[in-house]
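S.K.: Mind looking over this structure? Questions follow.
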Amino acid sequence: MKAQKLLSIIVFVFCVACNQDVKNYEAGMSDKPASELVFDKTKWETKEGRKYPYRDKMVNDVVYNDTIRTLQKPQILNLLGEPDRSSENYIYYLIKQERLLFWPLHSKFMVVKFTDDSSVEWIRIHQ
């Protein structure tokens, strides 16, 4: 009986801790989060060591930009530069990463998913 209560508590805490408030932005939504910086290609591509010092401050301007969502994959790659990772119809841009020596503790990526015809299906932030 004690084991069931303990298990229930652990499952409850796990579910509450893993709750993600994910909002999928759709074109025309009025509650776009504000960016600290407006997108600038030069700053977006600036890399100091393993870090991109400006991306976290301008990522909302990219994610919630209706114009960027109308671009094709080659145009996105031209605008944002080479992704840090890609697979099939997804490209990943590292926004920020906290590390302990060599081990990443927390990573934040912007993910762009493309349809089969190379148009943007969605853009999201993955943490």
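The values are calculated or read from the model by the stated rules, or taken from the named source; none is laboratory data. Bear in mind that the values here come from a model prediction, so they are computed numbers and not experimental data. In this analysis, Cβ positions are derived from the backbone assuming ideal geometry, glycine residues included, and neighbour counts consider all displayed protein chains.
S.K.: How about the range 70-127: which of its residues are on the phi > 0 side of the Ramachandran plot and surrounded by 12 or more Cβ atoms within 10 Å (Cβ to Cβ)? Spell out the reasoning first.
M.R.: If we filter the range 70-127 for residues that are on the phi > 0 side of the Ramachandran plot, which is where we start, we get 81, 88, 101, 118.
If the condition is that a residue be on the phi > 0 side of the Ramachandran plot and surrounded by 12 or more Cβ atoms within 10 Å (Cβ to Cβ), then G81, S118 are the ones that fit.
S.K.: Mind checking which pairs have a first residue in the range 27-53 that is under 19 Å from S107 (Cα atoms) and modelled with pLDDT of 85 or more and a second that is exposed (fewer than 12 other Cβ atoms within 10 Å of the Cβ) and acidic (D, E), Cβ under 9 Å, 6 or more apart or different chains?
M.R.: Short answer, once both residue conditions are applied: E45/E82.
S.K.: Shifting gears a bit: Here are the criteria: (1) out of contact with any Leu (no Cβ under 9 Å at 6 or more places or on another chain); (2) modelled with pLDDT under 95. Tell me which single one F109 does not satisfy.
M.R.: Failed condition: (1).
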